[in-house]
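Each value in this text was obtained by applying a stated rule to the coordinates, not by laboratory testing. Since this is a predicted model, take the numbers as computed values, not measurements. Don't worry about glycine lacking a Cβ; one is built from the backbone with ideal geometry, like all the others, and counts go over all protein chains shown.
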Amino acid sequence: MSRASRYRAILGIALAQFRHERTRTVLAILGVAMAVLSTILLASTGAGVIDTGQEKFSQSGRDLWMTGGPTELRPGAAGGFENSMVDAHTIAAELGDRDDVAVATPLAFQTVYVGRNASQYETVIAAGAPANDNAVSLSAGRGFQRGDIHYANGSYDGPMTHEVVVDSRTAALLNASVNDTIHVGGTLATAREHEFTIVGISSTYSRFVGAPTVTLHLSELQAVTGTTASDRATFVSIRLTEGANASAVREDLQATYPEYTVRTNEQQLRATLEGKAVVIASGVSLVALAVVAGVLLLTNLQLSYVYRHRRTLGALTALGMSRFSLLGLVLVTTLLIGLVGGLVAVGASIPATWAINRIVTAVVGFENVVAVSERFLLAGLVGAVAVSVVAGLVAGLYLFRLRPLDQLR
């Protein structure tokens, strides 16, 4: 028998086995497809998170970020967060006086109660930011009309504007629109005392934190959450003048303010991801487990096939079929399963990505978090074939130890 005829015979037997054992074949293909699909989606999610983070930092229009440490939860306290920067307005003013700094903006994030009336409230994230920074893009309304006059150079005795910008989800949550009034406060008692007029709709900070938000002047947020004494903020964002070198300015600021941490956009994103190291490690572990599960599944199926068909394999050996041809039969079978399973996974990844992105957008507000690319699809298909080869080789080694002819006695 020529080599080409032998290959055709092996392929024909493998295809006949597919038709004869349809249930087993379908289950094997689905098992491989699920393992490959989970790997593709997890890898795509990781890439999508990084891309989304980079996009958000780029959209912020900032070059450097100064923080005093992690933003910590403060259970039982107004606002719910322990923002780590103190004297934020003073630091921002000092930074703004530098020739290489165009804008330095202190921002604070706090949890607040909001409601249309004084009896029913929802919990959202409040962003405190100066009004004269042009950092908030509006989809409706006029926005803040006056600066942060309540701050009054640190005395906090200026009149409050009682103006607020809400995002579209908060507006829908409260069934409110521009020119409506809402109550805002760090506690229910404070919220009942402070009524704010909605002057705009903006999703700027909602996209940044991935949650419904309201935006107030920083000093007014500090007033309704009880942090005026220490002038606390989450960070100071810095936009440099044209031509300024971000790395050089960062090093200079780090030396000038050693008690704080100054990062570029890339470093800030990396620090954010490092804070989620446990989640990232869990994702990597799931990918590894998916690959291992695929190998074990195919290996178990092929070992079962060799054992159940040991008499048939012995008969083929008696008819002159070599062990290497039998090994080829096992490998072709696993390769067909792996290839079809990989193709099913690649085809299912597109609708699965669409569905997951819709769910993520509805839950946390971030769009296109799962970003499937051609390289991930190709890697998934190659991985399916690789898993098949490993499983086929393991089953082949078992076949070599069986002595098929002995099974006929």
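What the table shows:
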quantity	calculated
Table column - 3J(HN,Hα) (Hz), segment 112-119, Karplus curve with 6.51, -1.76, 1.60, x for Gly and Pro	10, 9, 10, x, 6, 10, 8, 10
Charge dipole of segment 64-243 about the Cα centre (unit charges at C-beta), most positive-ward option of PHE235, VAL86, ILE182	ILE182
Prolate/oblate/rounded call for segment 64-243, Cα gyration tensor, a/c under 1.5 rounded	prolate
Potential lengthening between VAL178 and ASP157 on full extension [0.36 nm per residue; Cα-Cα distance subtracted]	4.8 nm
Cleavage-rule hits (GluC sites (Glu not before Pro)) in segment 226-264: DSSP loop, at most 15 neighbouring Cβ within 10 angstrom	GLU242, GLU259
Neighbour-count ranking [beta-carbon atoms within 10 angstrom, fewest first] of THR261, THR90, THR334, THR161	THR90, THR261, THR161, THR334
Distance between modelled label sites at TRP354 and ARG146, nm, 7 Å Cα→Cβ extension	5.1
ALA108 long-range amide H proximity, modeled H, under 5 Å	GLY128, THR234
Segments 370-378, 218-226 sorted - mean Cβ within 10 Å per residue, highest first	218-226, 370-378
Whole-Å distance, taken between Cα centres, linking segment 177-191 and segment 212-235	14
Candidates per trypsin sites (Lys or Arg not before Pro) in segment 90-165, loop by DSSP, up to 13 other Cβ within 10 Å	ARG142, ARG146
Segment 64-243, dipole about Cα centre (Lys/Arg Cβ +1, Asp/Glu Cβ -1), debye to the nearest 20	540
Integer Hz, Karplus 6.51/-1.76/1.60 couplings in order for segment 233-240, x for Gly and Pro	8, 6, 6, 10, 8, 10, 10, 8
